[in-house]
Amino acid sequence: MRKNTDNISREDALEAFKPRGISQDAWEESTVYKTIKALPTIENWIPTEKDNPKTDGRYIVTARVFGACDPDHKGPYTDEVGESVFRKGKWPMTFNYLPCKIIAWQPLPERYKAESEDNQMVEVGKRYKVYTPMKRRLLDEVEVTEVAGNAFYCHSIAFGYDTAYDLSDGIVVEEL
């Protein structure tokens, strides 16, 4: 087994984490195997100069982040990896509240979903109550205006502004 895992390949990771004595079929059905297979790799990055997503939604991005006083993107920067929303053909102008330029992206891996979880879906034009995970606290009452994958865009009935939520974050929705 490899000791230095700084740049371990997906194949090496699968080999390193495979339990001894497990059949290949059982291994390929395991959560660990599926998680390693879903991890992003350097080969999956798509430069924004070459292409952008075809659909609105959340993506893994590399953001070139500039200082708070540098909205023109001319000063020093750092490249950070995180999640961002692509909407109406555009990336946001900020990342963690700082000016940025999204320079590369890739799709999010499919989130783990227990077999017992209900497949929550929302529909455009319908009204919902939006709760924190485990339905601990009511966050909002909304009318859905657009759906993009697990994300949905809506108008807050309670607060009177447009916003977005993502079912991948574990929020719970209940039709009004």
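Using a Förster distance of 25 angstrom, determine the FRET efficiency expected from the C-beta separation of residue 78 and residue 10, and round it to 0.05.
0.40
Under the rule of at least 5 residues apart or a separate chain, name every residue whose amide H is placed under 5 Å from the amide H of residue 147.
It is 153, by chain and number.
Take the residue pairs 34/101; 50/90; 37/135; 90/135; 101/126; 50/101 and return only those whose Cα atoms are more than 26 Å apart. Present the calculation step by step, with values, prior to reporting the outcome.
Values: 34/101 32 Å; 50/90 14 Å; 37/135 31 Å; 90/135 32 Å; 101/126 35 Å; 50/101 14 Å.
Long pairs (Cα-Cα over 26 Å): 34/101; 37/135; 90/135; 101/126.
Label points 7 Å out from Cα along the Cβ direction at residue 20 and residue 155: separation in nm?
Here the modelled spin labels are 6.4 nm apart.
Only the coordinates and a few stated rules stand behind these numbers; no lab work does. Because the structure is a prediction, the values reported are computed rather than measured. Every residue, glycine as well, gets a Cβ built from its backbone with ideal geometry; the counts of neighbours run over all protein chains shown.
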